[in-house]
Structures are given as structure tokens and as C-alpha cells.
Amino acid sequence: MAEADDDRLVTYRTQDNVALIGLNRPAKRNAISDRFVEAINDAVQRAQAECRAAVIHGHGPHFCAGLDLSEHSEKPLFEAVKGSRRWHAVFDHIERGTIPFVSALSGATVGGGFELAAATHIRVADMTAFFALPEGQRGIFVGGGGSVRISRLIGPARMGDMMLTGRVLSAAQMEQWGGVSYVVEEGQVLERATAVAARMAENAEFTNYAIINALPRIADMSSEDGLFAESMVATLATMTDDAKDRLRAFLEKRAAKVTPPGQEG
Ligand code: 1HE
């Protein structure tokens, strides 16, 4: 995993059309304080203005140890409520913004760190990654959207198991549970996550927008409403110039075909 390259809480760089957002508080295992949430928000907004996909990764061996417990333990009740609502707003910008996000997970992906990963669209983990929701042991509760996002990702029963027992899952176990989509060797997670993001950055912008905004909403609808919404989004997508160009390119044999696994060029 990349080393911290300066003293900002969040680093930001670009590689072609992909923004690389680095959580940069390795001495505290990238635990998220109030200032840190705002720095993540700034980087997310900038990525959406400048790039077509983004990666969120951790500097140092751990992705993120969750909520900054030292700051949290000092908070009056209403400040804690407002803090949780701020996490919701910032993570919502990731999940239902304008570009897709990939998280590159290594080491601790714990509590609020797992909630952040769950707000991204694709999770890539290396063999060092481990997943836990130790809120039960700490006497608190998830507050960064986990009860909605993690619960939908791996199922409420599995999330409840993690919270009730404090069990720690490996990357391979989390892949079996559907919480991560790719598991790679140690040291390769940023490279693979960036490659996945670069691939998404080549898609039609409107289709990416529709995928990240329509799918979670349709999942919340009745089947009848979902099918109706799907038809509307599908028709809108077809009417973009991008779709017209891309469909013409395929019909004129200028576009890549869908290739079976293992036969990619
Ligand atoms: C922290 C935090 C933190 C580390 N808040 N300071 N999250 C947790 O319950 C996870 C708590 N952390 C750990 O279990 C371990 O630190 C790790 C497994 C992540 C890493 O272990 P290790 O041995 O590499 O590091 P360390 O020695 O435990 O920690 C290094 C420093 O980071 C140390 O501070 P120092 O001043 O003594 O050097 C730790 O105190 C500090 N640190 N994690 C504050 N989380 C929106 S609601 C979300 C609810 C939650 O996220 S609950 C889960 C919270």
C-alpha cells in the first residue's frame, strides 16, 4: 500500500480520468475524526468535478479503524447525532453522486471504515484485509450508514452476527459473504482497484450515473414501480449522444465485443 506522501488528512491525485483519494492518518490507523470527514467530503466533491471514477484507499497498512473513538467519547448527545448525520451526507455523496467509487481495502476495515467501504460501489481487498463491527464491545452502534448499506450488502443476519459476536472476517470470508468483489495478493490492492476504476471510467457517463443512482432506488421500490422506473431510465440512456455513438460503433464493427473469461486480448 502507498506510503503517506504529505501531512494532509486526505491525499488527492489523479491518474488519467481516475481520482485517487488516500486516507492519510496512518498513526491513528486512519480513524475518522470530524475534520477527517470534511476532508473526505472535499476530495469526493473534487473527484466528481474532475474525474470519471475514483478510488478510496488507505495510507499505511490499514484502510480505516472506523470512528475516532477519542473524539467521540467527549461528545454531548446532540453533537453525536449531528456527527452521524454528517457521515450520512458525505457517504451519500459517494454512493449516489455522479461517478463510481472503488475502495481498496487492506488491514483493518473496521466499524466506520467498513461503512465507508460499503458506500463505495466496488470493494477490492488484499489478503491482509480484515472486517469487524466492534460496536457491541464499545457500547455504541453503527452511525455511518452501516445499518442500511452493510445490511443490504451482506444481509441483516450476517451484519447482526458481526455486531453481536464481534467476529473478525478475513478477505476470503468477506468475499464469500458478498461484501467484497475482488481479493488480491498483498501489495496489489491499489493497482487492481485503480484498474477497475479505469475500466468504469471508459463507460458512458450517463450510464454510470444511472447505475449508481437508479439501482439502489429501484431496490427500495415495489417490483411494479421498479420496472416502470427502469423503463424510464433505459429510454433516457438510449437518447444520449453517447449511446448513439457507441451503438453505431458496435454496428460498424469498431467497438470491442464481449469476450468470454480468459480470452481477453
Ligand atoms: C484509534 C482508533 C480509533 C486506533 N479511534 N484512535 N473502531 C475500533 O473499535 C477499532 C479500534 N482499533 C483497533 O482495534 C486497532 O487499533 C487496530 C486493529 C485498528 C490496529 O491495531 P494496531 O496494533 O496496529 O494499532 P494500535 O496500537 O491499536 O493503534 C495505533 C494508534 O491508533 C493508537 O493511538 P496511540 O496514540 O496510542 O498511538 C490507537 O489508540 C489509535 N487508534 N483505532 C481512535 N478507532 C460512525 S459510527 C462508526 C462506529 C465505529 O467505527 S466503532 C469501531 C471503532
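Skipping prolines and chain starts, which residues have an amide H placed within reach, meaning under 5 Å, of the one on Ala108, given they are 5 or more residues away or on another chain?
Here the answer is Phe63, Cys64, Phe130, since their amide H atoms fall under 5 Å of that of Ala108.
Hey, can you grab everything whose amide H is under 5 Å from the amide H of Val180? Only 5+ residues off in sequence or another chain; H modelled, so Pro and N-termini drop out.
Glu175
Provide the per residue accessible area, probe 1.4 Å, for the range 205-251, rounded to a whole number of square angstrom.
Spelled out: the 1.4 Å probe surface of the range 205-251, per residue, equals 73 Å².
Taking 0.36 nm per residue of separation and subtracting the Cα-Cα distance, what length does fully extending Ala157 through Glu185 add?
7.2 nm
For the chain, give the percent of accessible area contributed by carbon and sulfur heavy atoms, probe 1.4 Å, rounded to a whole number.
On the chain, the fraction of accessible area on carbon and sulfur atoms equals 54 percent.
Please give the length that would be gained between Asp34 and Lys75 if that part of the chain were fully extended, namely 0.36 nm times their separation in residues minus their C-alpha to C-alpha distance (nm, one decimal).
Numbers: separation 41, 0.36 × 41 = 14.76 nm, distance 1.11 nm.
Fully extending the segment from Asp34 to Lys75 adds 13.6 nm.
What does the C-alpha gyration tensor say about the overall shape of the range 205-251? Classify as rounded when a/c is under 1.5, otherwise prolate if a/b is larger than b/c, or oblate.
The shape class here is prolate.
Need one word for the chain: rounded, prolate or oblate. Basis is the Cα gyration tensor (sqrt eigenvalues a ≥ b ≥ c); a/c below 1.5 gives rounded, then a/b vs b/c decides.
Taking the square roots of the gyration eigenvalues as a ≥ b ≥ c, the chain is prolate.
Would you mind calculating the gained length between Thr98 and Ala195 on full extension (0.36 nm times residue separation, minus the Cα-Cα distance), in nm to one decimal?
On the way: separation 97, 0.36 × 97 = 34.92 nm, distance 1.91 nm.
Length gained, Thr98 through Ala195: 33.0 nm.
In the range 189-259, what GluC sites (Glu not before Pro) fall in a loop by DSSP, with at most 16 other Cβ atoms inside 10 Å?
Hits after loop and neighbour filter: Glu202, Glu252.
Can you compute the helix-only [θ] at 222 nm over the chain? Use -39500 (n - 2.57) per DSSP H run of at least 4 residues, normalise by all residues, nearest 500 deg cm²/dmol. Numbers along the way, then the final one.
Working: 12 runs with 132 residues, N = 265.
Helix contribution divided over all residues of the chain: -15000 deg cm²/dmol.
How high is the FRET efficiency between Gln137 and Ala249 when r is their beta carbon distance and R₀ equals 35 Å, given to the nearest 0.05?
Step by step, r from the Cβ atoms, then E = 0.05.
What is the chain's relative contact order, in percent, from Cα pairs under 8 angstrom and six or more apart in sequence?
The normalised contact order for the chain reaches 17 percent.
Per residue, what accessible area does the range 32-153 have, given a 1.4 Å probe and all protein chains present, in Å²?
I get 38 Å² per residue for this part.
Just how far, in whole angstrom, is the range 76-150 from the range 169-194 if you go by their alpha carbon centroids?
Going from one Cα centre to the other spans 16 Å.
Show me, for the range 95-100, the HN-Hα J-couplings you get by feeding each phi into the Karplus relation (A = 6.51, B = -1.76, C = 1.60, θ = phi - 60°), rounded to Hz, glycine and proline as x.
5, 10, x, 10, 10, x
The values are calculated or read from the model by the stated rules, or taken from the named source; none is laboratory data. The structure displayed is predicted, hence computed values, not measured ones. Note that we place each Cβ from the backbone using ideal geometry, even for glycine, and neighbour counts take in every protein chain shown. Protein only, heavy atoms only, side chains kept; ligands, DNA and RNA dropped before computing areas. Shrake-Rupley method; radii C 1.70, N 1.55, O 1.52, S 1.80 Å.
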